[in-house]
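Report on the structure given below.
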Amino acid sequence: MGIRAIVYGVGRVNCIATRLMIEKGIEIVGAVNRSGTKIGKDLGELSGMSQLGVSVSDDPAHILSTPADIAVIAIYDDLQRMFPIYKQCLEAGVNVVTVGAHASYPWRLEPTLSQQLDDIARTHGVTISGSGNQDFFIVHLGALMSGVCHRIDRIVHRSLTDVNNFGSETAGIAYVGQSVDCFQTKANNQTPSVYTTFWDNIAAALELTVVDVVQTVEPIVTTTPRICRSLNRTIKPGFLIGIRQRLEVFTKENVRMTGENSLWVCDTEEEEYKDWEIMGEPSFKIRVTGLATGFTTASQCVNRIPHIIKAPPGYITIDKLPKLTYRQRLTI
Ligand SMILES: NC(=O)c1ccc[n+]([C@@H]2O[C@H](COP(=O)([O-])OP(=O)(O)OC[C@H]3O[C@@H](n4cnc5c(N)ncnc54)[C@H](OP(=O)(O)O)[C@@H]3O)[C@@H](O)[C@H]2O)c1
């Protein structure tokens, strides 16, 4: 059976997702963005394709009244700002896949909102899940590697992600273009890292209990002008091109987990990577390169769609979903 999708948030990630869905046989029945210049434009043209006959609307209630199987959402990361949007989709009887990072495993950070979304989804017989780059590259790869081990003392994940692969929302998370003073003021009231909940997914997959996460963030300041395509401007020397975040994750079972995630506007010489290191018996490492993280965020999210539609109703995190595999066509 064919799949009908609504694109919610017509930014960098979802414009890639639009092409991937069309090429895999998914019908796009509506597109929503906040008010602005994209409203009334054709989704296909905004996504660099030919016209799809789907014009972008700023009226989600109207678009969600169209029969659809799933809303593909790429707007913000934090669950607090995303909650009303997820709620509205679920109440309309539409499944949700989102790349909003904190939706990947929201139970520890936002237990009340998570429970509410789980209840709403069950009431309306639909499923909500978070996917994106964390799906294979963090949660499932990390969990698979752990299967080799007899004992794990520490799991380390390091990554470099190029902000230029994303839109202005991601550039904002990395403080791109901001002064060190501005960064320091905001860093004093820091929200949890976008990488935090991925460790909750891994802990759930390994049946570990996260007891604490200690987060530090370091500003990365450029000494030469650096072009930021996400913001369509050049960052002057002395200003931030991004951040390096460090997460120390403590578990009840004394398996330590460490994240070192660099998120900045890369130079032409720099290559994105994802490194994994497990220390225990045995100790070993894996490095993934050749990434285009904007694309892989969208491709994993799109490839997940059939699993989410077929999953039982409720909040089902990716650690509970089947193995993510290539499919020639995406159907249910
Ligand atoms: N899980 C992952 O692997 C992963 C990886 C990278 C990024 N992300 C996250 O994915 C999200 C999207 O990233 P992106 O690079 O695509 O960002 P983006 O290009 O800035 O796109 C965001 C889109 O959402 C629209 N929008 C903002 N508020 C809205 C609202 N209330 N209702 C409807 N539309 C709204 C924006 O409209 P305007 O055009 O008016 O601004 C824009 O079109 C971010 O939260 C980012 O951090 C996740």
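The values are calculated or read from the model by the stated rules, or taken from the named source; none is laboratory data. Here the structure is a predicted model, which means the values were calculated and not measured. Because the Cβ atoms are built from the backbone with ideal geometry, glycine has one as well, and the counts that use them run over all protein chains shown. Surface areas here come from the heavy atoms of the whole protein model, side chains and all, with no ligands, DNA or RNA. Shrake-Rupley method; radii C 1.70, N 1.55, O 1.52, S 1.80 Å.
The set of residues in segment 225-271 being of a type in the set (S, T, Y) and either outside the structural domain of T161 (by TED's automatic domain parsing) or out of contact with any helix residue (DSSP H, G or I) (no Cβ under 9 Å at 6 or more places or on another chain) (or both) consists of T234, T258, S262, T268. Does D162 count as out of contact with any Asp or Glu (no Cβ under 7 Å at 6 or more places or on another chain), open to solvent by less than 60 Å² (accessible area, probe 1.4 Å), among the charged types (D, E, K, R) and closer than 27 Å to T317 by Cα? Criteria not met by D162. Selection within segment 1-29: residues that are part of a strand (DSSP E or B) and either open to solvent by 60 Å² or more (accessible area, probe 1.4 Å) or more than 22 Å from G294 (Cα to Cα) (or both). The member of this set that is nearest to the ligand (Cβ to nearest atom) is V29. From the list T185, T191, the one residue that fits, being free of Cβ contacts under 8 Å to residues at least 60 places away in the same chain and open to solvent by 10 Å² or more (accessible area, probe 1.4 Å), is T185.
Among the residues making up segment 56-73, a single one is open to solvent by less than 50 Å² (accessible area, probe 1.4 Å) and without any contact (Cβ under 8 Å) to a residue 40 or more places away in the chain: S57. Looking only at segment 74-118, residues that are in a helix (DSSP H, G or I) and in contact (Cβ under 8 Å) with a residue 24 or more places away in the chain come to 18 in all. Return yes or no: is V163 within 13 Å of the ligand (Cβ to nearest atom), at negative phi and among the aliphatic types (A, V, I, L, M)? Yes.
Residue under question is R81, and the condition is that it be assigned by TED's automatic domain parsing to the domain that holds L20, basic (K, R) and farther than 30 Å from K285 by Cα; does it hold? Against the criterion (assigned by TED's automatic domain parsing to the domain that holds L20, basic (K, R) and farther than 30 Å from K285 by Cα), R81 qualifies. Might you let me know whether segment 272-289 holds any residue that is open to solvent by 30 Å² or more (accessible area, probe 1.4 Å), in the same structural domain as F166 (by TED's automatic domain parsing), among the polar types (S, T, N, Q) and within 30 Å of K186 (Cα to Cα)? No.
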